[in-house]
Amino acid sequence: MPGISPVEPVGFDPSVPNEARVYDYWLGGKDNFAADREAAEAALLIAPELPLMCREGRKFLRRAVRFLAGAGIRQFIDIGCGLPTQGNVHEIARGCAPDARVVYVDKDPVVVNHGQALVEEDERVAVIRGDVRDPDSILTHPRLRALVNLDEPVGVLLVSVLAAINDDDLTRAITARLREAIAPGSYMVISHAISDLRPEVTGKLALLFASEWAVKDDGRLRLPTQDEILPLFGDLEMVEPGLVQVPEWRPEPDELRPPKDTVWAVGGVGRKR
Ligand SMILES: C[S@@+](CC[C@H](N)C(=O)[O-])C[C@H]1O[C@@H](n2cnc3c(N)ncnc32)[C@H](O)[C@@H]1O
């Protein structure tokens with residue numbers, strides 16, 4: 001996959017570490033700059049497992065999307081989609097549902113620019129700029145409305161994006177609004193890093209974010225505990241095995257799993273009745 005092009009959208013500053021590009025670096029991608037790599041390496045001194053966690057996060061996403069496509073979902077909204085990578089949602093979904101329609105959403109103009117260039121390969125894929133803090137502006141976006149019929153079941157993906165919110169009340173309000181907006185038979189997929197599995201590591205990372213760089217919007221990072229994630233699904237019916245550490249969510253029989261507790265993130269899938 002090509003690296004970042006010389007023509008970049010307004011708001012682009014390669015000297016400031018950026019969440020999507022740091023994440024891209026941990027995933028082994030090429031869409032990152034020296035400032036991103038420096039920030040990513042500083043975090044690796046505290047948590048060398050971060051690349052493994054990112055890969056496990058993508059594997060969780062892949063299994064969840066396949067599950068949804070297998071359950072009949074044909075339209076997906078991937079919020080906080082990140083830079084294009086190996087195995088994007090439309091590619092995964094189309095493995096079992098060639099007619100799947102996918103809208104990618106990210107608040108980062110660089111992500112949107114690259115996504116539009118690289119994954120908008122036909123009229124059933126769109127990449128739009130949107131902020132999960134304002135779900136209605138996403139749900140009413142004309143390009144989303146052209147692809148997604150909200151009166152029919154949809155798969156909403158909130159994979160490794162809610163940690164950027166840093167406001168528990170807002171996170172609850174966002175997920176409640178999305179649950180309310182989707183039709184019965186829809187699914188919501190959430191994964192989230194948590195603080196209670198490796199508190200010593202997440203505590204140090206929070207200090208690093210606060211003191212060194214502004215990868216998070218306000219330079220802070222407060223991760224919730226696992227118990228704080230489950231209520232985000234509200235009254236959705238949890239798909240088995242419920243909310244678990246991401247490698248434990250329906251692993252493929254032949255999939256190698258990392259040592260227990262190295263991945264301090266949980267994920268789950270809920271279905272609206
Ligand atoms: C850690 S990456 C996760 C990417 C992808 N979901 C995955 O799991 O591979 C988080 C992404 O969320 C985006 N993001 C952060 N805050 C956001 C917000 N308020 N609204 C929409 N996207 C946001 C970032 O720009 C970044 O691309």
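Each residue of the stretch 235-247 was assigned a 3J(HN,Hα) from its phi angle through the Karplus curve 6.51 cos²θ - 1.76 cosθ + 1.60 (θ = phi - 60°); the sequence is 8, 5, 7, 6, 6, 4, x, x, 8, 9, 4, 4, x Hz, with glycine and proline shown as x. Ligands, DNA and RNA excluded, the heavy atoms of residue 151 present near 130 Å² of accessible surface to a 1.4 Å solvent probe.
DSSP finds beta bridges in the chain, and of those with both partners inside it, around 40 percent are antiparallel. Solvent-accessible area per residue in the stretch 160-273 equals 47 Å², computed with a 1.4 angstrom probe and all protein chains kept. Solvent exposure of residue 62, expressed as accessible area, is near 90 Å², computed with a probe of 1.4 Å over the protein chains only. Comparing Cα centroids, the stretch 136-165 and the stretch 221-272 end up 21 angstrom apart. A viscosity of 0.692 mPa s and a temperature of 37 °C, combined with the Kirkwood radius over Cα pairs in Stokes-Einstein, give a translational diffusion coefficient for the chain of 175 µm²/s. Residue ranking by accessible heavy-atom surface, 1.4 Å probe, largest first, among 273, 179 comes out as 273, 179.
For the stretch 133-273, the Stokes-Einstein estimate of translational diffusion at 25 °C and a viscosity of 0.890 mPa s comes to 150 µm²/s, using the Kirkwood hydrodynamic radius over alpha-carbon pairs.
Which entries in 204/272; 59/107; 30/59 show an alpha-carbon gap greater than 29 Å? Don't skip to the end; give the middle numbers.
Values: 204/272 37 Å; 59/107 23 Å; 30/59 20 Å.
The answer is 204/272.
Surface composition of the chain: carbon and sulfur atoms hold 53% of the protein heavy-atom accessible area at a 1.4 Å probe.
Within the shell of other residues whose beta carbon sits under 11 angstrom from the beta carbon of residue 270, the net charge comes to +2, with Lys and Arg scored +1 and Asp and Glu -1.
Restricted to Cα atoms, the stretch 37-133 shows a radius of gyration and a Dmax of 14.6, 44 angstrom.
The values are calculated or read from the model by the stated rules, or taken from the named source; none is laboratory data. None of the values given here were measured: they were computed from a predicted structure. FYI the Cβ positions are ideal-geometry reconstructions off the backbone, even for glycines, and counts take in every protein chain you see. Quick note on the areas: whole protein, heavy atoms, side chains included, nothing else; ligands and nucleic acids left out. Shrake-Rupley method; radii C 1.70, N 1.55, O 1.52, S 1.80 Å.
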